[in-house]
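See below for the structure under consideration.
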Amino acid sequence: VSDISALVLIAGGFQQIFAPEFLFSVPFDGVVNPFFDAQSSTPGLLAMIKICGGLFIVLGCMLFTVRWNTVNGKLSGFALIGSAINLAFAVYRMDNDTVVSRPSYAYAVLMVLSGIHLMFNANPAIKAKDN
């Protein structure tokens, strides 16, 4: 789960940095709404999207490179779940307290699943061998 999440977050981060205009449209019109409505595009929002893209890359690298165990996975898993809740609630508030089908919720679900995986299904800690 964490490796798949890592790849999705890294790809999403690069997309946000190099093609943020994609967030204002969707390939499956009518099934899923875009991340943002087209009329909300401003230079400030585009800058913030690029900043968030960098953070997505950091999260993806964190998930991909660290060997999570029962000691170091708890806080990172909790932080992923907190970030997912923040993301979902911010989008919910953006849509005037209604749930609108947006890809942001898919990212939030992915982050919650990864957080639970890190917290409760981590690798066993490797013990040093006695000489």
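The values are calculated or read from the model by the stated rules, or taken from the named source; none is laboratory data. Here the structure is a predicted model, which is why all the values come from computation and not from measurement. Cβ sites come from the backbone with ideal geometry, for glycine too, and all protein chains shown count toward neighbours. Side chains are part of the model used for accessible areas, which takes the heavy atoms of the whole protein and leaves out ligands, DNA and RNA. Shrake-Rupley method; radii C 1.70, N 1.55, O 1.52, S 1.80 Å.
Quick one: what pairs do we get from region 11-25, first residue acidic (Asp, Glu), second in a helix (DSSP H, G or I), C-beta under 9 Å, 6+ apart or different chains? Close Cβ pairs (under 9 Å, with a partner that is in a helix (DSSP H, G or I)) amount to Glu21/Leu46. One residue stands out among those in region 107-131 that are of a type outside the set (A, V, I, L, M) and open to solvent by 60 Å² or more (accessible area, probe 1.4 Å): the one that is modelled with the highest pLDDT, which is Phe120. Summed over region 1-45, the residues that are in a helix (DSSP H, G or I) and crowded, with 16+ Cβ neighbours inside 10 Å give a count of 13.
Residue check: is Gly54 in contact with a helix residue (DSSP H, G or I) (Cβ under 6 Å, 6 or more places away or on another chain) and open to solvent by less than 40 Å² (accessible area, probe 1.4 Å)? It would help to see each step written out before you state the result.
Values: in contact with a helix residue (DSSP H, G or I) (Cβ under 6 Å, 6 or more places away or on another chain): no; open to solvent by less than 40 Å² (accessible area, probe 1.4 Å): yes.
No; evaluated as a whole, the condition is false for this residue.
With the checklist (1) touching a helix residue (DSSP H, G or I) at 6+ places or on another chain (Cβ under 8 Å); (2) surrounded by 15 or more Cβ atoms within 10 Å (Cβ to Cβ) in hand, flag the one item Tyr92 doesn't pass. Going through the list (1) touching a helix residue (DSSP H, G or I) at 6+ places or on another chain (Cβ under 8 Å); (2) surrounded by 15 or more Cβ atoms within 10 Å (Cβ to Cβ), Tyr92 breaks only (1).
Assess whether Ser104 counts as being of a type in the set (S, T, N, Q), without any contact (Cβ under 8 Å) to a residue 60 or more places away in the chain, open to solvent by less than 50 Å² (accessible area, probe 1.4 Å) and under 29 Å from Pro20 (Cα atoms). In short, no. Among the residues of region 72-84, at least one is open to solvent by 40 Å² or more (accessible area, probe 1.4 Å), assigned to a loop (DSSP other than H, G, I, E, B) and either closer than 21 Å to Asp3 by Cα or modelled with pLDDT under 95 (or both).
Out of curiosity, is Val100 more than 15 Å from Leu63 (Cβ to Cβ), among the hydrophobic types (A, V, I, L, M, F, W, C) and not in a helix (DSSP H, G or I)? Explain how you work it out, then say what you get.
Working: more than 15 Å from Leu63 (Cβ to Cβ): yes; among the hydrophobic types (A, V, I, L, M, F, W, C): yes; not in a helix (DSSP H, G or I): yes.
Answer is yes for this residue.
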